[in-house]
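The structure appears below as structure tokens.
The values are calculated or read from the model by the stated rules, or taken from the named source; none is laboratory data. Just so you know, these numbers come straight off a predicted model, no measurement behind them. Reconstructed Cβ throughout: ideal geometry from the backbone, glycine too, with neighbour counts over all protein chains shown. Note: areas computed on protein heavy atoms with side chains; ligands, DNA, RNA excluded. Shrake-Rupley method; radii C 1.70, N 1.55, O 1.52, S 1.80 Å.
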Amino acid sequence: VRDELFPEIEARYAVDGRRGIVGESAAGLFVVETLFLAPEMFEVYLAMDPAIYWNDDALVRKAPERLPHLPEGIRFWFTASGVADIKVPTDRLGEILAESAPSGLTWTYVPRPDEHHHTIFRATKEEAFRWGLWGGSAAGR
């Protein structure tokens, strides 16, 4: 993505240097993993129903040690449906951020237990994009 896709996009389109990523389910897992492992790649991270239960909740368990390494100016918005295997670790990530998010991270967790895995993206995309791209308000920090 960094070495091949970014240069190709920059060669073909007028860009302003800002980058964002959005994903749902396994793609949401990729969003959260990229946030923690290569946070400098994007400024805005949006994850709907991220499959962060993968690998025995490894991203959630390692979040406290990864958070201090996030650069200033990152925006992270995420949500979870009522699906238990997704909601439980995603709720826990929200708790960890509430306890120890670095001051340079702007983040919001918007749980949507009324939604299902197959409806969460359609139900939350407008709010996520407004918050991430135009700085709109949402619940959380």
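Observations
- Only protein atoms count toward the accessible area here, which uses a 1.4 Å probe; on the chain, the carbon and sulfur part of that area reaches 53 percent.
- Evaluated on the stretch 69-141, the Kirkwood hydrodynamic radius is 12.8 Å, with distances taken between all distinct Cα atoms.
- Angle in degrees between helix 26-37 and the longest Cα principal axis of the chain, rounded to the nearest 10: 70 degrees
- Note on residue 100 and residue 65: the extension gain reaches 11.6 nm, defined as 0.36 nm multiplied by sequence separation minus the Cα-Cα distance.
- Adding -39500 (n - 2.57) for every DSSP H run of four residues or longer, then dividing by how many residues the chain holds, sets the calculated 222 nm ellipticity at -14500 deg cm²/dmol.
- Nearest-ten-degree value, helix 54-66 long axis tilted from longest Cα axis of the chain: 70 degrees
- Of the two radii for the stretch 1-123, the radius of gyration is 0.98 times the Kirkwood radius, both from the alpha carbons; that is the Rg over Rh value.
- Multiplying the residue separation of residue 30 and residue 133 by 0.36 nm and removing their Cα-Cα distance gives an extension gain of 35.2 nm.
- The chain, accessible area per residue, ligands and nucleic acids excluded (1.4 Å, Å²): 55 Å²
- Under 5 Å from the amide H of residue 51 lie the amide H atoms of 25, 26, 28, 29, each residue being 5 or more positions distant or on a separate chain, with H modelled from the backbone and absent for Pro and chain starts.
- Distances between placed amide hydrogens fall under 5 Å for residue 108 paired with 76, 77, 78, all partners being 5 or more residues away or on another chain.
- DSSP beta bridges confined to the chain are antiparallel in about 0 percent of cases.
- For the stretch 73-85, putting each phi into the Karplus relation 6.51 cos²θ - 1.76 cosθ + 1.60 with θ = phi - 60° gives couplings of x, 7, 10, 9, 10, 8, 9, 9, 7, x, 5, 4, 5 Hz, in residue order, rounded to whole numbers and with x for Gly and Pro.
- Each of residue 58 and residue 3 was given a label point 7 Å from its Cα along the Cα-to-Cβ line. The distance between the two points is 2.1 nm.
- Dipole magnitude of the chain, debye to nearest 20 (Cβ charges: Lys/Arg +1, Asp/Glu -1, about Cα centre): 240 debye
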